[in-house]
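The values are calculated or read from the model by the stated rules, or taken from the named source; none is laboratory data. Keep in mind that this is a model prediction, so the values were computed, not measured. Positions of Cβ are generated from backbone atoms using ideal geometry, with glycine treated the same way; all protein chains shown enter the neighbour counts. These area figures cover heavy atoms from the full protein model, side chains too; ligands, DNA and RNA do not enter into them. Shrake-Rupley method; radii C 1.70, N 1.55, O 1.52, S 1.80 Å.
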Amino acid sequence: MHPDHITDLSFDISKDQDFVVKLSQKGLHSYKISDNTVQSDGTHFLRFERPLHLKKGLSDNVLKSSIYSSYIAYTNKSQVICTRFAQERGGFGTDTISLPHMSNVNSIDWAYDQNHLLTGSQDDFAMIWDIETENDLYRIKGGSVDSKISLVAMCKGNFNIFATCHYRDIKIWDKRNTVSSFSSYAGHGKIMSFDWSPHKENEFITCSLDKTIKLWDMKQTRIPVK
């Protein structure tokens, strides 16, 4: 049992060591997997490593870590905060980067082969940032009539491709041409989660409030495969 409300978790932020990072209303905390206590019922409790405290009362934050660069990114209302994870001590760097949107940031995702972070906001903009330079490299307007961007995801097999979700609709973009999305899909109910296949760059999966999970193949049809 945790004394504070957990808003998000991230796993495997280090290539060489196993850590879990927890974002809660009380702060950003790291836990080393090897340092845990086994309870009588077999439950493992991870040992607290080091906190980086945030403002209290932020219950809608999301957290993402980059295995490639050991960066951790988390949202704080209309901003995305990035900090490095120190592998040797399981703690957090003192230098932070702040990436602003005009409205609350709903979703973030890393391109794992480079220091690029994709962000999606209630302002209906998706942006790809270069963390090293702190510049936004690409900026696209979602353009959905019914709803703003709720989820974003970088394609795992092709980092030129990314997706944005707008309530029940899905748009697929190519950052080499961000004037408009090159493909769109009518989902199901409100889309709660989206993920790309780690093996096939043309496939992705969604789940919805309508209690369904659907697998999509961009090469075949705009109707879900399953």
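Tabulated data for the structure shown
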{"item": "Packing rank of 193-202, 73-82, where each peptide gets the mean count of other beta carbons within 10 Å, highest leading", "result": "73-82, 193-202"}
{"item": "Unsatisfied cross-links (Cα-Cα over 21 Å) in the set Lys22/Lys190; Lys156/Lys219; Lys77/Lys171; Lys190/Lys214", "result": "Lys22/Lys190; Lys77/Lys171"}
{"item": "Inter-probe distance in nm under a simple model that places probes 7 Å from Cα toward Cβ, at Arg176 and Gln79", "result": "3.7"}
{"item": "Rounded to the nearest 10 Å², the accessible area of Thr96 at probe 1.4 Å", "result": "80"}
{"item": "Length gained when the stretch Ser98-Ser183 is fully extended (0.36 nm per residue, less Cα-Cα span)", "result": "27.5 nm"}
{"item": "Average accessible surface area per residue within the stretch 127-217, 1.4 Å rolling probe, Å²", "result": "49"}
{"item": "Length gained when the stretch Lys219-Lys190 is fully extended (0.36 nm per residue, less Cα-Cα span)", "result": "8.0 nm"}
{"item": "Packing-based ranking, highest mean first, of 163-169, 174-180 given that Cβ atoms within 10 Å are counted", "result": "163-169, 174-180"}
